[in-house]
1. Looking only at helices (runs of 4 or more DSSP H) that lie completely in region 87-178, which have at least 2 residues being more than 30 Å from L204 (Cβ to Cβ) and of a type in the set (S, T, Y)?
2. Could you list all residues from region 1-22 that are surrounded by 16 or more Cβ atoms within 10 Å (Cβ to Cβ) and β-branched (V, I, T)?
3. Can you pull out the residues in region 23-41 that are open to solvent by 30 Å² or more (accessible area, probe 1.4 Å), in contact with a helix residue (DSSP H, G or I) (Cβ under 8 Å, 6 or more places away or on another chain), not small (G, A, S) and not in a helix (DSSP H, G or I)?
4. Give just the number: which of (1) modelled with pLDDT of 95 or more; (2) open to solvent by 50 Å² or more (accessible area, probe 1.4 Å) does A190 not satisfy?
5. Using the structure shown, decide if V79 is surrounded by 10 or more Cβ atoms within 10 Å (Cβ to Cβ), of a type in the set (V, I, T), modelled with pLDDT of 85 or more and touching a helix residue (DSSP H, G or I) at 6+ places or on another chain (Cβ under 9 Å).
6. Just name the residue that is most open to solvent (accessible area, probe 1.4 Å) out of those in region 195-212 that are assigned to a helix (DSSP H, G or I) and not charged (D, E, K, R).
7. How many residues are aliphatic (A, V, I, L, M) and closer than 22 Å to V90 by Cβ if we restrict to region 159-175?
8. Taking A92 as the residue in question, decide whether it is open to solvent by less than 70 Å² (accessible area, probe 1.4 Å), modelled with pLDDT under 80 and farther than 19 Å from E135 by Cα.
Amino acid sequence: DNIKKSLLFILPTNGGQASVILVAVFVGMSLPVTAVQILWVNMVVAVTLAIALAFEPAEAGVMPPPPRPPAEPLITRLVLIRILFVTLLVAAVTFSIFQWELARGAALAEARTAAVNMLVLAQLAYLFNARRFVEPAFDRATLFGNRVALFAALVLLALQLAFTYLAPMQALFGTAPIGADVWLRMALFAIAVFVLVEGEKWVLRRRGVVRF
């Protein structure tokens, strides 16, 4: 289960990052994130959020169902649907915040800084969705039950603040300071990602899906 949860987290979040680059190239627009910024995102997410799922406790009722068929692939149809859905969500919110900042007159470096932080915040929000396959995440155990996940989230936020506001990081990654209003918009978009994935889970529960 934890291997599958890790795939459910890593593949769509990486897919969202790749989609942002590919779409920008195909439509001929400025890249929302640069190559070195993507490397930063992959590095900090890999050493924080992706590791947290390895310490995920077993879900309730994990033993009563029959064993998985030996030939069942890790990427089942439901897993693939979740991957594509979250990929689109991550790409959509990243493009939205990037275009929003440009439209309000922000410099390209500021818009890209917002886009990178949006990528990270969207992945952080989705981490708590990914802790349960179809069960809702709106409970204390899911939100606060994995101390490793909480610690990883705090470390990630600290790294992103350094990435955004420390002069050496700005020189290395081409970032620029952004205001509190930008952080508020990004937080709202991240919450939207969380809520939409929970909506997809609700649909699956209504259809009787209990495991991936």
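1. Ranges flagged: 147-165.
2. Start the filter on region 1-22 by keeping residues that are surrounded by 16 or more Cβ atoms within 10 Å (Cβ to Cβ), which leaves 4-17, 19-21.
Hits for region 1-22 are I10, T13, V20, I21.
3. L31, T34 - these are the residues of region 23-41 that are open to solvent by 30 Å² or more (accessible area, probe 1.4 Å), in contact with a helix residue (DSSP H, G or I) (Cβ under 8 Å, 6 or more places away or on another chain), not small (G, A, S) and not in a helix (DSSP H, G or I).
4. That leaves (2) as the condition not met.
5. Values: surrounded by 10 or more Cβ atoms within 10 Å (Cβ to Cβ): yes; of a type in the set (V, I, T): yes; modelled with pLDDT of 85 or more: yes; touching a helix residue (DSSP H, G or I) at 6+ places or on another chain (Cβ under 9 Å): yes.
Criteria met by V79.
6. Step one: of region 195-212, the residues assigned to a helix (DSSP H, G or I) are 195-206.
Next, from what is left, pick out any that are not charged (D, E, K, R): 195-197, 199, 202-204.
Working: V195: 75, L196: 89, V197: 0, G199: 32, W202: 133, V203: 70, L204: 11 Å².
Per the stated criteria, the residue is W202.
7. 2
8. Working: open to solvent by less than 70 Å² (accessible area, probe 1.4 Å): yes; modelled with pLDDT under 80: no; farther than 19 Å from E135 by Cα: yes.
The answer is no for A92.
The values are calculated or read from the model by the stated rules, or taken from the named source; none is laboratory data. Quick caveat, the model's predicted, so the values are computed rather than measured. For neighbour counting, all protein chains shown are included, and Cβ atoms are generated from backbone atoms with ideal geometry for every residue, glycine included. What goes into the accessible areas is simple: the full protein's heavy atoms, side chains included, and nothing from ligands, DNA or RNA. Shrake-Rupley method; radii C 1.70, N 1.55, O 1.52, S 1.80 Å.
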